[in-house]
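The values are calculated or read from the model by the stated rules, or taken from the named source; none is laboratory data. These numbers were taken from a predicted model, which means no experiment stands behind them. Every residue, glycine as well, gets a Cβ built from its backbone with ideal geometry; the counts of neighbours run over all protein chains shown. Protein only, heavy atoms only, side chains kept; ligands, DNA and RNA dropped before computing areas. Shrake-Rupley method; radii C 1.70, N 1.55, O 1.52, S 1.80 Å.
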Amino acid sequence: MSRLFDVYIGIDYSGADKPDAPIKGLAVAVADGAEECRLLSAQVVNKAKGQAVSSTVPNTQVPQTVSLSDASSPSSKRDGKMPSSKSSLWSRRSIYEWLRRELLHSNKRMIIGLDYGLSYPHSQLERLQLQNWDEFLQWSYTTWKTDRLTMKQSKEQVDYINSTDKRLVEREFIPSTKSVTDLDRVSGMQGAVSYSTHTGLPWIYRLRRWQKRGMKVHFWPYDGLHMPADHHVITEAYPSLYRRRMMKEHWSAEWSEHERDAMYIARWMQSRDLEQTLAPYLALPTLSEQEKQLILREGWVLGCL
């Protein structure tokens, strides 16, 4: 049995600041086949589309530039510490633009794990009278406007009801996580999953529109548990879950928690696929038929089984 995917991408997210602002809390990690995971920097993205700095493990030399359109190509050993200049940092918009190009043009099948919620709990979807995921994405995009506003600005213009309700996957498998709809838990919530969720959703809406125009991408599990073999796959990820299940990796002590979380996402998906154990996590055989219908609206976190 061969691998399901060629490239594994982990993205750790942040709801801080503006959509175009370079943010330390954003990180992207890539693994190609059995090659080592590495971080990608957004350096020189505005100057030359399709360029990035790649950082692998172990670390011995100065980073060199590689093509983003072939971000998963084998690379020489590089310094594990990412450049500290703002030009090396991702913004939410630059991650979306890079990911869109990869999904449109890469000839390698990718699975992308995103560290934020892609939907609301069933109770909140019912309250809002949103019958399916597409209705939810449309509502979220037109209501929150976080592809233009900060979360603080967005909250000031939205008449929202705060909720601590959780989705099935959160209640049953990862109860320690916070609710994606809990926007008022504490002040300064930039690191909260609710902020990451609400600032990440407009870019998912845009990718969904590209999918309807022919982009070969499968949003798991919203498009179903069966995935066409020629489609890339986007999933919701939870790095804390993978970190507990994996042996401690000898990654650079210089890396931030966000960079490590992105690495854990990519590395877990890669290791499961190389060991030919990823398929059950995507098929979810332990869920009842009623639960499988529910997750078409609420979503699921890859790795919970």
ask   = Relative contact order for region 210-249 using alpha-carbon pairs under 8 Å, separation at least 6, rounded to a whole percent?
value = 34 percent
message = For the pair L274/R245, report the inter-label distance in nm, with labels modelled 7 Å from Cα in the Cβ direction.
response = 1.6 nm
task = Can you tell me the FRET efficiency between S2 and R93 if r is taken as the Cβ-Cβ distance and R0 is 51 Å, rounded to the nearest 0.05?
result = 0.90
inquiry  = What does the C-alpha gyration tensor say about the overall shape of region 105-191? Classify as rounded when a/c is under 1.5, otherwise prolate if a/b is larger than b/c, or oblate.
reply    = rounded
key: Accessible area per residue in Å² at 1.4 Å probe, computed on region 151-305   = 47 Å²
query = Over all directions, what mean area does the Cα convex hull of region 195-279 project, stated in square nanometres?
reply = 7.1 nm²
key: Extended-chain gain in nm, criterion 0.36 nm per residue less alpha-carbon gap, R100 and W210   = 38.8 nm
message = Below 8 Å, C-alpha to C-alpha, sequence gap of six or more: please give me the relative contact order for region 143-294 in percent.
response = 14 percent
note = With all protein chains in place and a 1.4 Å probe, L40 shows an accessible area in Å² (nearest 10) of 10 Å²
query = Calculated FRET efficiency, D230 and E257, Cβ-Cβ r, R0 45 Å, to nearest 0.05?
reply = 0.80
key: Computed lengthening from Q290 to S176, 0.36 nm per intervening residue step minus Cα-Cα distance   = 38.6 nm
key: 22 Å Cα-Cα threshold exceeded, pairs from K108/K292; K18/K166; K24/K212; K24/K152   = K108/K292; K18/K166; K24/K212
note = Counting only protein heavy atoms with a 1.4 Å probe and every protein chain in place, the carbon and sulfur fraction of the accessible surface of region 102-194 in whole percent equals 45 percent
ask   = So, counting K/R as plus one and D/E as minus one, what does the shell of residues with Cβ under 15 Å around W300 add up to?
value = -3
ask   = Assuming R0 = 25 Å, what is the FRET efficiency of Q157 and E135, from their Cβ-Cβ distance, to the nearest 0.05?
value = 0.75
